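The values are calculated or read from the model by the stated rules, or taken from the named source; none is laboratory data. All values derive from a computational prediction rather than experimental measurement. Glycine gets a Cβ as well: all are built from the backbone with ideal geometry, and neighbour counts include every protein chain shown. Accessible surface is based on the protein model in full, side chains and every heavy atom, while ligands, DNA and RNA are left aside. Shrake-Rupley method; radii C 1.70, N 1.55, O 1.52, S 1.80 Å.
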Amino acid sequence: MPRVDTHREPMPKLEPSARRETFEEVAVGYEQATAEHEASRCILCPRQPCVGGCPVGVDIPQFVKALREKDMPAAVRILKSKNSLPGICGRVCPQESQCERQCVIGKLGAPIAIGRLERYVADWEMAHGPVAAAAPTSSQPSGKRVAVVGSGPAGLTASADLAKSGHQVTIFESLHTPGGVLAYGIPEFRLPQRIVKTEVEYVCSLGVEMRLNWVVGKTITIDEILSDGYQAVFLGTGAGLPQFLNLPGENYGGIYSSNEFLTRINLMKAYLFPSYRTPINIGQVVAVIGGGNVAMDSARCALRSGAREVYLVYRRSRTEMPAREEEIENALEEGVIFKLLTNPRKFLGNDQGQVTGMECVEMELGEPDQSGRRRPVVKPGSEFVMKVDTVVVAVGTTPHPLVPSTTPGLTVSAHGTIAADEGSGQTTRPAVWAGGDATTGSATVISAMGAGRRAAAAIDHYLRKGTGG
Amino acid sequence: MHRILRKEDLTPSVHLLEIEAPAIARKAKAGQFVMVRLDEAGERIPLTLADWAPQAGSITLVFLEVGRETNMLAKLCAGDYLTDVAGPLGQPTHIEKFGTVVCVGGGVGVAAIAPIARSMNEAGNRVVSIMGARSSNLLFWEDRLKSVSHEFIVITDDGSHGRHGVVTQPLKEVLERAPGPDRVIAIGPAVMMKFCALTARPFSVKTIVSLNPIMVDGTGMCGSCRVSVAGQTRFACLDGPDFDAQDVDWDLLLNRLRTYADKEKQALEMWRRQCASAPAREGESSGHAQG
Ligand SMILES: Cc1cc2nc3c(=O)[nH]c(=O)nc-3n(C[C@H](O)[C@H](O)[C@H](O)COP(=O)(O)OP(=O)(O)OC[C@H]3O[C@@H](n4cnc5c(N)ncnc54)[C@H](O)[C@@H]3O)c2cc1C
Ligand SMILES: Cc1cc2nc3c(=O)[nH]c(=O)nc-3n(C[C@H](O)[C@H](O)[C@H](O)COP(=O)(O)OP(=O)(O)OC[C@H]3O[C@@H](n4cnc5c(N)ncnc54)[C@H](O)[C@@H]3O)c2cc1C
Ligand code: SF4
Ligand code: SF4
Ligand code: FES
């Protein structure tokens with residue numbers, strides 16, 4: 001067995017002090033030499049367990065091999081034959097729990113940095129101009145039309161696959177910019193909008209028609225789509241309905257859902273106000289409530305938008321935080337102050353109805369609950385007041401009721417998720433499939449893409465064979 | 001991109017735009033609104049569907065110049081384009097044969113009440129319309145509202161046209177009649193709707209208002225438009241904008257409307273300065289450039 005190189009190339013990053021001033025991307029990306037060195041560590045194992053860890057089955061050893069042989073166009077083609085959004089995935093996939101977790105080198109040292117290499121290949125293509133696509137598996141036009149609702153990762157992946165299979169695809173997107181959470185949620189400093197734009201353009205270049213500002217359930221219903229000449233529908237509507245805490249005072253001005261806060265900043269570019277005309281109020285002291293990736297993104301956006309102090313208020317301890325370790329570290333490096341084992345009880349406001357403070361209690365960890373995490377319980381007599389002038393509530397989202405409530409025959413679960421077969425995405429309504437956050441609740445970009453891919457295969461099968469998936 | 005087919009200045013500060021939007025025109029119902037984004041840097045603002053023509057594929061919006069977006073909109077002309085128009089959003093107004101319906105429109109709210117009065121008329125109701133404005137030069141669509149009403153009252157704060165006073169006075173008189181009206185619908189500035197609610201309260205007649213909180217997406221994904229109705233938080237863009245006037249927490253609505261007052265003022269002043277320094281260019285090419 002050859003000696004294994006366990007030195008993983010670190011990701012160059014902007015200095016924490018510089019980051020507070022800018023929305024520029026934090027992770028700078030590999031240089032050619034570092035990328036080639038990282039690629040050389042891969043032993044191209046024939047069993048390729050890494051591929052099984054990727055929900056869209058990227059041919060990892062093959063693209064890594066092409067990279068180290070300096071055949072970049074080949075690397076691009078191999079990558080894109082399985083993943084239509086590599087620049088996005090290379091940046092935001094939780095690789096540590098997916099492909100990289102299965103990498104054999106990980107048993108001896110640090111696994112191959114698959115995500116970073118994927119990003120390197122995607123960025124190379126963006127810098128050098130589009131590589132001619134590999135021949136689509138079936139370029140024969142099928143004469144069938146498919147409607148895709150939502151342009152998030154699930155919808156984009158389903159569309160790309162369906163278009164490659166020869167179907168005519170139309171995406172209906174309610175917002176004015178495509179991308180779903182990639183456009184309105186994940187901030188510029190983690191995922192620059194130009195990357196999303198380029199990869200959306202790639203999907204459109206496959207022949208996909210993008211209809212923006214089409215709110216399905218309002219502008220058009222699923223029934224109307226199906227009687228308008230579309231033979232099948234894929235619902236990739238995400239989980240975009242914000243949840244609140246239902247505490248007294250929660251409607252004071254200056255209290256935002258994470259969706260509103262991030263949408264104002266990312267989609268509407270409120271950090272460039274007044275050149276961009278959507279305002280946002282970011283005071284001196286901002287409290288973000290929650291402990292997931294969305295809370296980290298909100299806190300880091302608040303810092304970059306001029307807040308003096310940003311607190312992250314979370315009711316359990318750091319161990320239970322659902323956010324990725326990397327994001328927690330980035331937030332701490334940038335100066336986000338963690339207020340752990342703390343829970344808000346009520347919000348305080350001034351006579352103008354704007355938030356001025358938050359009454360909190362301290363928590364202790366008790367017995368494990370159903371999720372296996374120790375349950376936080378209130379410490380008696382621990383009430384205290386935090387002075388804040390902006391609050392972001394980042395405690396989760398659920399699927400939006402608009403499409404289910406206007407589509408007869410579509411069953412939803414008690415949590416509002418659309419009921420669909422896990423393998424094919426077939427819903428309870430004939431000719432309608434669903435996948436991504438709409439069926440699972442908030443999950444990940446790559447799991448949404450995996451669901452989009454599986455549904456596209458089922459829809460293709462249905463359209464060609466004329467049978468249900 | 002949505003082409004502006006026609007522009008009309010209804011008063012010096014209230015303007016009408018007829019816009020190409022076939023998909024929206026096909027589905028529009030009285031009481032619904034659209035979200036408009038003027039250009040790439042623009043805010044998304046809600047505007048009520050004042051009219052629509054499914055055959056011609058057009059919708060009509062009427063707006064008052066208040067801040068930067070509406071001032072910029074006012075500069076557009078026929079042939080210009082709006083970058084984004086999404087809709088029709090919100091729940092349509094509940095139209096039914098109730099008997100006698102009072103439709104109160106204040107200020108630019110007249111544009112929103114007109115299609116409702118028309119639909120109520122078509123549904124077989126006796127429509128009593130009350131139209132109010134600060135002064136005669138702010139009145140518009142008097143004939144249009146009159147033509148769909150069985151009884152029509154116009155009133156101005158300064159008495160320059162019609163009766164002298166505010167809309168709650170004739171509203172109270174109509175409510176005091178025997179038999180009284182079966183339903184009241186009031187649309188206008190939040191303060192006006194609040195006082196209409198107070199006026200109607202002793203008469204226990206169902207009173208509907210169309211709330212106008214600040215919105216971002218208009219589709220239920222942000223919560224900016226949250227209002228408190230009967231003690232419950234509701235999203236005006238999704239559950240409304242129509243709500244029972246007696247259940248609305250008016251102070252909350254008024255406070256939330258003030259959230260960005262400083263920033264909006266700053267933005268409007270900045271824009272006015274820009275216009276002053278380049279008046280000719282602004283007037284001619286804004287909008288054309290995006291076509
Ligand atoms: C702030 C934030 C950060 C995140 N960070 C990460 C990360 O780092 N890594 C990761 O893997 N995951 C991350 N996630 C989760 C990930 O973004 C989602 O799991 C993923 O985007 C789900 O994809 P989707 O296609 O199912 O839905 P979405 O991305 O939500 O897209 C749904 C689309 O459907 C549209 N739509 C909804 N209803 C309608 C309708 N009625 N008509 C027309 N269009 C409609 C929406 O406007 C939207 O564009 C993050 C999420 C958030 C909110
Ligand atoms: C469902 C709905 C339907 C509406 N329909 C119409 C319509 O048909 N015609 C019309 O002229 N206006 C309508 N409005 C109000 C309109 O959206 C606002 O006037 C507009 O957003 C102001 O934008 P601006 O940039 O010009 O002003 P801004 O600079 O944003 O605001 C200037 C001032 O106007 C007030 N304001 C801000 N937003 C709103 C708001 N949403 N409602 C009321 N006052 C506000 C505030 O006091 C603010 O200080 C509607 C609002 C809603 C929610
Ligand atoms: S798409 Fe994500 S999971 Fe798949 S190989 Fe790339 S980084 Fe890994
Ligand atoms: S498991 Fe690791 S070493 Fe093996 S092919 Fe995959 S990336 Fe390379
Ligand atoms: S405007 Fe965003 S939820 Fe209503």
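A compact table of results
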{"item": "Selection within the range B:46-81 - away from ligand 2 (no atom under 14 Å from the Cβ) and either buried (at least 21 other Cβ atoms within 10 Å of the Cβ) or among the aromatic types (Phe, Trp, Tyr) (or both)", "result": "B:Ser58, B:Asp80, B:Tyr81"}
{"item": "Tally, over the range A:173-188, of residues that are open to solvent by 20 Å² or more (accessible area, probe 1.4 Å) and more than 10 Å from chain B (Cβ to nearest Cβ)", "result": "3"}
{"item": "A:Ala295 being under 19 Å from the mean Cα position of the chain (by Cα) and modelled with pLDDT of 95 or more", "result": "yes"}
{"item": "Residue match in the range A:283-297 (condition: closer than 28 Å to A:Val403 by Cα, open to solvent by 10 Å² or more (accessible area, probe 1.4 Å) and within 14 Å of another protein chain (Cβ to nearest Cβ))", "result": "yes"}
{"item": "Given (1) acidic (Asp, Glu); (2) under 30 Å from A:Gly129 (Cα atoms); (3) within 16 Å of ligand 2 (Cβ to nearest atom), number of the condition A:Glu260 does not satisfy", "result": "(2)"}
{"item": "Selection from the range A:399-417 of residues that are touching a Ser or Thr at 6+ places or on another chain (Cβ under 8 Å) and within 22 Å of A:Gly292 (Cβ to Cβ)", "result": "A:Pro399, A:His400, A:His415, A:Gly416, A:Thr417"}
{"item": "Pairs with Cβ under 7 Å, 6+ apart, first in the range B:10-21 and within 14 Å of chain A (Cβ to nearest Cβ) and more than 16 Å from ligand 1 (Cβ to nearest atom), second β-branched (Val, Ile, Thr) and part of a strand (DSSP E or B)", "result": "B:Ile19/B:Ile4; B:Ile19/B:Ile59; B:Ile19/B:Val85; B:Ala21/B:Ile59; B:Ala21/B:Val85"}
{"item": "Some residue of the range B:229-243 being near ligand 2 (Cβ under 10 Å from one of its atoms) and of a type in the set (Val, Ile, Thr)", "result": "no"}
{"item": "Some residue of the range A:339-353 being in the same structural domain as A:Ser305 (by TED's automatic domain parsing), part of a helix (DSSP H, G or I) and within 28 Å of A:Gln95 (Cβ to Cβ)", "result": "no"}
{"item": "Qualifying residue in the range A:254-269 (condition: more than 28 Å from B:Asp251 (Cα to Cα), in contact with an Asp or Glu (Cβ under 6 Å, 6 or more places away or on another chain), open to solvent by less than 20 Å² (accessible area, probe 1.4 Å) and more than 7 Å from chain B (Cβ to nearest Cβ))", "result": "no"}
{"item": "Flag for A:Thr397 being away from ligand 5 (no atom under 16 Å from the Cβ) and hydroxyl-bearing (Ser, Thr, Tyr)", "result": "no"}
{"item": "Candidates B:Ala186, B:Ala197 - the one that is more than 9 Å from chain A (Cβ to nearest Cβ), open to solvent by less than 50 Å² (accessible area, probe 1.4 Å), away from ligand 2 (no atom under 11 Å from the Cβ) and in a helix (DSSP H, G or I)", "result": "B:Ala197"}
{"item": "Residues of the range A:77-102 that turn out to be buried (at least 23 other Cβ atoms within 10 Å of the Cβ) and farther than 21 Å from A:Ala154 by Cα, as a count", "result": "1"}
{"item": "Restricting the range B:200-217 to residues that are open to solvent by 40 Å² or more (accessible area, probe 1.4 Å) and not aromatic (Phe, Trp, Tyr), the residue that is nearest to ligand 4 (Cβ to nearest atom)", "result": "B:Asn212"}
{"item": "Output for the range B:82-109, where each listed residue is open to solvent by 40 Å² or more (accessible area, probe 1.4 Å) and within 12 Å of chain A (Cβ to nearest Cβ)", "result": "B:Gln91, B:Pro92"}
{"item": "All positions within the range A:209-224 that are away from every other protein chain (no Cβ under 11 Å) and under 15 Å from A:Leu410 (Cα atoms)", "result": "A:Ile222, A:Asp223"}
{"item": "Residue in the range A:161-172 that is among the basic types (Lys, Arg), more than 14 Å from every other protein chain (Cβ to nearest Cβ) and without any contact (Cβ under 8 Å) to a residue 60 or more places away in the chain present", "result": "yes"}
{"item": "Set A:Glu96, A:Glu24, A:Glu15: member being among the charged types (D, E, K, R) and within 16 Å of ligand 1 (Cβ to nearest atom)", "result": "A:Glu96"}
{"item": "Residue match in the range B:224-231 (condition: within 14 Å of another protein chain (Cβ to nearest Cβ), open to solvent by 30 Å² or more (accessible area, probe 1.4 Å) and of a type in the set (Ser, Thr, Tyr))", "result": "no"}
{"item": "Search result, residues across the range B:224-242 that are more than 10 Å from ligand 5 (Cβ to nearest atom) and part of a loop (DSSP other than H, G, I, E, B)", "result": "B:Ala230, B:Gly231"}
{"item": "Condition check for A:Pro10: surrounded by fewer than 17 Cβ atoms within 10 Å (Cβ to Cβ) and either within 15 Å of ligand 4 (Cβ to nearest atom) or at pLDDT 95 or above (or both)", "result": "no"}
{"item": "Long-range neighbours under 7 Å by Cβ, at least six apart or interchain, first residue closer than 19 Å to B:Lys206 by Cβ and more than 14 Å from chain A (Cβ to nearest Cβ) within the range B:242-254, second small (Gly, Ala, Ser) and not in a helix (DSSP H, G or I)", "result": "B:Asp242/B:Gly31; B:Asp242/B:Ser210; B:Ala245/B:Ala186; B:Asp247/B:Ala230"}
{"item": "Tally, over the range A:320-338, of residues that are open to solvent by less than 40 Å² (accessible area, probe 1.4 Å) and in a loop (DSSP other than H, G, I, E, B)", "result": "5"}
{"item": "Selection from the range B:255-282 of residues that are in a loop (DSSP other than H, G, I, E, B) and more than 10 Å from chain A (Cβ to nearest Cβ)", "result": "B:Ala278"}
{"item": "Residue ranges of strands (runs of 3 or more DSSP E) in the range A:383-454 with at least 1 members open to solvent by 20 Å² or more (accessible area, probe 1.4 Å)", "result": "A:384-387"}
